[in-house]
Amino acid sequence: MTKVTLKDVAEEAGVGTATVERVVNGRGGVRPETVEKVFLAAKRLNYRHALSNAHRGLIRIEVILVRPETSFYSRMNQAFERIAASLDHGIVVHRTFARENDPADFAHYIANPKVRRSALIVVAPDHPDVVTSVRQARDLGIPVVQIMTRPAPELPYVGIDNYAAGRTAAYYMSRMLAGQAGSFVALCHSGAYENHKERIRGFSAYLAEQGPTAHAFTEVMFDLDDEHNAMELLRAALIRDPTIIGVYSAGGDNIAVASVLQQNRERGIFWVGHELTEQTRGYLRQGILSIVLDQAPEIQARRSIDLTLKTLGLIDVEVSAEPVRFLTVTSENL
């Protein structure tokens with residue numbers, strides 16, 4: 001193989017040879033944006049000269065998540081932490097938690113990062129200001145990957161097929177309750193996330209396609225992932241409608257749903273929920289929860305990092321564009 005030279009790196013980066021020499025040897029006096037160009041060019045060309053330790057953490061991939069107190073985002077955060085530890089010293093993965101209940105602040109943070117970022121991976125609420133800021137980041141030439149939810153459909157996305165997840169929930173519920181007349185209801189966090197809306201659309205569409213059946217989808221309740229709200233909403237629904245035989249929690253508080261269904265266990269309500277946690281494992285074992293659809297946040301984290309590194313030209317491997325496969329878990333395959 002032909003040995004890669006400083007001149008080759010300079011041509012790849014679109015800068016002068018002297019600039020590359022300063023960057024490689026850590027001599028300073030070069031703008032951070034130019035240093036990043038040289039670093040990426042050197043990596044793409046597999047330049048053998050060891051880059052200065054002064055460039056440690058030069059490539060900064062920012063990951064913006066929400067709700068660190070939840071099991072799902074805790075799993076995803078830990079996955080990003082493990083991946084970050086395995087990367088080249090020139091690449092750092094910085095994890096930030098933003099306030100989803102303040103879209104204006106969320107959008108402002110995306111548009112005004114505290115430090116320069118090389119790429120962005122974001123769980124973005126479906127709010128006009130947030131979506132606009134994500135698109136503006138893309139327009140600045142920063143690779144952007146949406147993870148878990150996809151409010152900007154034209155931008156890269158890593159996550160499950162949420163429409164299919166909702167259809168799957170309806171499929172199992174209607175099949176397992178075939179022959180039993182009754183109604184189905186659903187709970188989810190809110191309308192703030194496209195993934196939740198897609199799940200509800202899929203659930204509703206599957207049932208509608210079955211034509212006149214013994215099962216009617218009667219209500220969607222938004223609990224804002226608040227235990228008290230979820231308990232009050234579901235408890236009131238069960239009192240209001242004694243024909244409810246199926247509950248789909250498309251995204252929200254599983255603890256509250258479990259508590260209410262435990263209190264109404266004699267009704268034998270079929271419950272399909274999301275995310276495999278220690279809590280939902282327990283509900284499956286107890287027979288309160290019938291099926292869990294887990295969206296494998298660890299796989300989403302790994303694939304989003306791989307897609308970002310490929311876009312930056314740091315790896316040359318194929319990254320699947322297919323949705324991440326969600327897992328169907330019951331008490332029999334825990």
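Which whole-Hz ³J(HN,Hα) couplings does segment 234-244 yield from phi under the Karplus relation 6.51 cos²θ - 1.76 cosθ + 1.60, θ = phi - 60°, glycine and proline marked x?
Couplings: 5, 4, 5, 5, 5, 6, 5, 10, x, 8, 5 Hz.
Quick one: Karplus J couplings for segment 294-307, per residue in order, coefficients 6.51, -1.76, 1.60, θ = phi - 60°, nearest Hz, x for Gly and Pro?
Once θ is set to phi - 60°, the couplings for segment 294-307 become 9, 9, 6, x, 5, 5, 4, 4, 4, 5, 5, 5, 4, 5 Hz.
By how many degrees, 0 to 90 and rounded to 10, does the Cα axis of helix 254-263 deviate from the longest principal axis of the chain?
Helix 254-263 and the main axis of the chain meet at about 10 degrees.
For H94, what residues show an amide H to amide H distance below 5 Å, using hydrogens built from the backbone and excluding near sequence neighbours?
Amide H neighbours of H94: I61, E62, V63.
Checking the a/c ratio against 1.5 first, then a/b against b/c, what shape does the Cα gyration tensor give for segment 153-276? Display every interim value, and only then the final one.
Details: a/c = 2.00, a/b = 1.20, b/c = 1.67.
Here segment 153-276 falls in the oblate category.
Mind telling me which of Q295, Q279, Q180 comes out most flexible in a GNM of the chain, alpha-carbon contacts under 10 Å?
Per the Cα network of the chain with a 10 Å cutoff, Q180 tops the list.
Under a 5 Å amide H to amide H cut-off, with H placed in plane at 1.01 Å, what residues pair with F217 once short-range neighbours are removed?
When sequence neighbours closer than 5 places are left aside, the close amide H contacts are F184.
With a/c under 1.5 counting as rounded, go ahead and sort the chain into rounded, prolate or oblate using the C-alpha gyration tensor (a ≥ b ≥ c being the square roots of the eigenvalues; past the cut-off, prolate if a/b is larger than b/c, else oblate).
The shape class here is prolate.
Compute the distance from the alpha-carbon center of segment 241-309 to that of segment 195-239, in whole Å.
First find each Cα centre; the distance between them is then 13 Å.
If you count the DSSP beta bridges with both ends in the chain, what percent of them are antiparallel, to the nearest 5?
That works out to approximately 10 percent antiparallel.
For Cα pairs less than 8 Å apart in space and 6+ apart in sequence, what is the mean separation divided by the residue count of segment 1-158, i.e. the relative contact order in percent? Walk me through the intermediate numbers first.
On the way: 224 pairs, mean separation 26.7, N = 158.
Once normalised by length, the contact order is 17 percent.
Distance in nm between label sites at I255 and E322, each 7 Å beyond Cα in the beta-carbon direction?
3.7
Please identify the longest segment of the chain free of exposed GluC sites (Glu not before Pro), where exposed means a DSSP state other than H, G, I, E or B and no more than 14 other Cβ atoms within 10 Å.
After excluding every exposed loop site, the longest remaining stretch is 155-317.
Give me the distance between the Cα centres of segment 113-178 and segment 77-110, rounded to whole Å.
After rounding, the separation between the Cα centres reads 15 Å.
State, to one decimal in nm, how far the label point of H94 lies from the label point of I315, with both points 7 Å from Cα in the Cβ direction.
Once both label points are built, they end up 2.2 nm from each other.
On a 1.4 Å probe surface of the protein chains, which of R44, R281, R99 comes out largest in accessible area, and what is the full order?
Largest accessible area first, the list is R99, R44, R281.
Which order do you get for T308, T34, T218 if you rank them by accessible area with a 1.4 Å probe, largest at the top?
Output order, biggest surface exposure first: T218, T34, T308.
Just give me a number: lysine pairs in the chain, eight or more positions apart or cross-chain, with C-alpha atoms less than 22 Å apart.
7
Can you tell me the FRET efficiency between D241 and L334 if r is taken as the Cβ-Cβ distance and R0 is 30 Å, rounded to the nearest 0.05?
That gives a FRET efficiency of 0.45.
In terms of the Cα gyration tensor, with a ≥ b ≥ c the square roots of its eigenvalues, is segment 32-177 rounded because a/c is under 1.5, prolate because a/b exceeds b/c, or oblate?
Prolate, because a/c is 1.5 or more and a/b exceeds b/c.
Please report the net charge: other residues with Cβ closer than 15 Å to the Cβ of N254, K and R +1, D and E -1.
Result for the local shell: -4.
Name the residue, out of K37, K114, K197, whose mean-square fluctuation peaks in a Gaussian network model built on the chain with Cα pairs under 10 Å.
Taking springs between Cα atoms under 10 Å, the residue moving most is K114.
Beyond 19 Å, what share of the Cα-Cα pairs of segment 132-220 is found? Please give it as a whole percent.
More than 19 Å apart: 48 percent of the Cα pairs in segment 132-220.
Say we join alpha carbon atoms closer than 10 Å with springs in a Gaussian network model of the chain; which of A250, A119, A104 then has the biggest fluctuation?
Highest fluctuation among the options: A104.
The values are calculated or read from the model by the stated rules, or taken from the named source; none is laboratory data. Keep in mind the model is a prediction, meaning the values are calculated, not measured. Positions of Cβ are generated from backbone atoms using ideal geometry, with glycine treated the same way; all protein chains shown enter the neighbour counts. Note: accessible area is taken over every heavy atom of the protein model, side chains too, but ligands, DNA and RNA are not part of it. Shrake-Rupley method; radii C 1.70, N 1.55, O 1.52, S 1.80 Å.
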